[in-house]
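What follows is one structure encoded as C-alpha cells, with my remarks underneath.
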Amino acid sequence: MTSAGLNSAETGGSLVSPPLWLLAELTYRCPLQCPYCSNPLQIADLKDELSKDDWLSVLRQARELGAAQLGFSGGEPLVRGDLEELVVEARGLGYYSNLITSGVGLSEKRVAALRDAGLDHIQVSFQSSDSEVNELLSGSRKAFEQKLRMAEAVKAHGYPMVLNFVLHRHNIDQVEEILQLSERLKADYVELANVQYHGWALENREALIPSREQLERAEVVTNAYRQRHPEGMTLYFVVPDYYEERPKPCMNGWGNMFLTIAPDGAALPCHSARDLPMNFPNVREHSLKDIWYESEPFNVFRGDDWMKEPCRSCPEKDKDHGGCRCQAYLLTGDARNADPVCTLSPDRGLIDDALATANHHARQPVPMLFRNMANSDQLIASG
C-alpha cells in the first residue's frame, strides 16, 4: 500500500480528509422483509451487482486512499458466494473488517470459513426478543431460531458477541427482555438503535415511531441495567432523531469520513444518499480517488458554504454540520435546508406533527409496507 492516499487534499479551496470507513453494500438481496430497512425503495430496479473483481478493485483503491475500517453489508451480504474471497483480500490489505448480518444464510461451517479468511468482527441483528414479533417483522418463521444458533456459533469461534436490535413501536417495550436475551447469549456489545426514518422506514413512519412514553420507559430500563451491571455488556442506546432537539452530526459530515459503495457500484457519502436527486458517480466509470476528491456529489455539502439560515450563522454548525441532508430533502424538498429535527429549523413543525400523530396512534394498529421486490415494483409504478 502506498502512503499517498493518507494525506489530505485541497479541493475547492478547503481541506478534504481521506475516507477512513468503507461500507461495502455487496447486495440489496435479502431473505427478510423488514419494514424499516434502510435500502432504497427502488431495489427492484437495482440488480446489476458489482462482480468479485469489481469489489476487489474497490477494496484496493479505498485502502490506498486511507480507509482502514471496512463493513460488509447489504441487504444480506451472506447471499454473496464470494464473500470469503473478499474477506481474504481485505485481510491482506490490512483492513479491520466487520460483517453486518441478519444471521440468515450463516452456518457454523461458514462462520469457521470467515474466521479462517480473516474476518475480524461479526454483528448479528435481531428483530425482537421473541419469535412471534421476529416473524411479524422479518416475514420468516425460522429466522429467530437461526439467529440464536448463529449468535452462539459466532461466540464459539472466538468473536466478540455484538448484537443489534432496531427499536420501534412494535418492540421497544421488550427492552428488558432484549437485555435478558443478550445476557443469555453472553453478548459483549448491544446496540439498541431506534429507527432512523429513511428508505422503507419513512414509508412506514406512522406505524414505527414509538410514543414518548415508550421511549422514556426504554431509556429507564436501559440505564437501570447499566447501574446494576457496571462491568456487564456495553450498551448503546440510540435515540430516534425525531425526539432530539438538535440533529446528529450525520456521518461526521458529508464526504468527511464515510464512503459507501452500493451493490451496483454507485459511490455514496452515506448509505441513504440515494434518496437525494443527484447523479452519484459509479466505480465502474471513475476511480475512487477522483470520486472522493473531485466529484460534485461528494463536494456539494462539504464545508459550510452551501448552508442556508439558520445553519449558516449557528454557533453549532461545526458540531452537527446542519444535520442530515437526506432527512432535510425528504421532509422539506430541499437538501440545503436545516435538518427539521433541529428546534431552530423553520420546518420543525413537520417533526412535531409526526410525533403528535405517533403519540396519538401509539396503541392503534397501522398497516405496514414490507420491504420486498414486489412492493418495490408497486412503489416505482405508483411514483
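Evaluate 2.2 N^0.38 Å with N set to the residue count of the range 6-143, then give the Cα radius of gyration divided by it.
1.18
If the elastic network links every pair of Cα atoms under 10 Å, which of ARG228, ARG336, ARG325 fluctuates the most in the Gaussian network model of the chain? Most flexible of the set in this elastic network: ARG228. Take the Cα of HIS229, step 7 Å toward its Cβ, do the same at GLN42, and the gap between the two points is 4.4 nm. Each of VAL111, SER97, TYR28 was scored by the projection of its Cα onto the charge dipole of the range 1-152, and the greatest displacement toward the positive side belongs to VAL111; charges sit on the C-beta of Lys, Arg, Asp and Glu. Label the range 251-334 by shape, choosing from rounded, prolate and oblate, from the square roots a ≥ b ≥ c of the eigenvalues of the Cα gyration tensor; if a/c is under 1.5 it is rounded, and otherwise prolate applies when a/b is larger than b/c, oblate when it is not. Verdict is prolate for the range 251-334.
Extending 7 Å from Cα along the Cβ direction at ARG110 and again at GLU177 yields two label points whose distance is 2.7 nm.
Are any of the pairs LYS155/LYS317; LYS109/LYS248; LYS52/LYS109; LYS109/LYS186; LYS186/LYS317 more than 31 Å apart by Cα-Cα distance, and if so, which? Violating the 31 Å limit, Cα to Cα: LYS155/LYS317; LYS109/LYS248; LYS186/LYS317.
Per residue of the chain, the DSSP helices (runs of n ≥ 4 H) give a summed -39500 (n - 2.57) that works out to -10500 deg cm²/dmol at 222 nm. Among the GluC sites (Glu not before Pro) within the range 207-296, those in coil by DSSP and having at most 16 neighbouring Cβ atoms inside 10 Å are GLU231, GLU244, GLU245, GLU285.
Computed from the coordinates by the stated procedures, all read-outs in this text should not be read as laboratory data. Computed from a predicted structure; not experimentally measured. Reconstructed Cβ throughout: ideal geometry from the backbone, glycine too, with neighbour counts over all protein chains shown.
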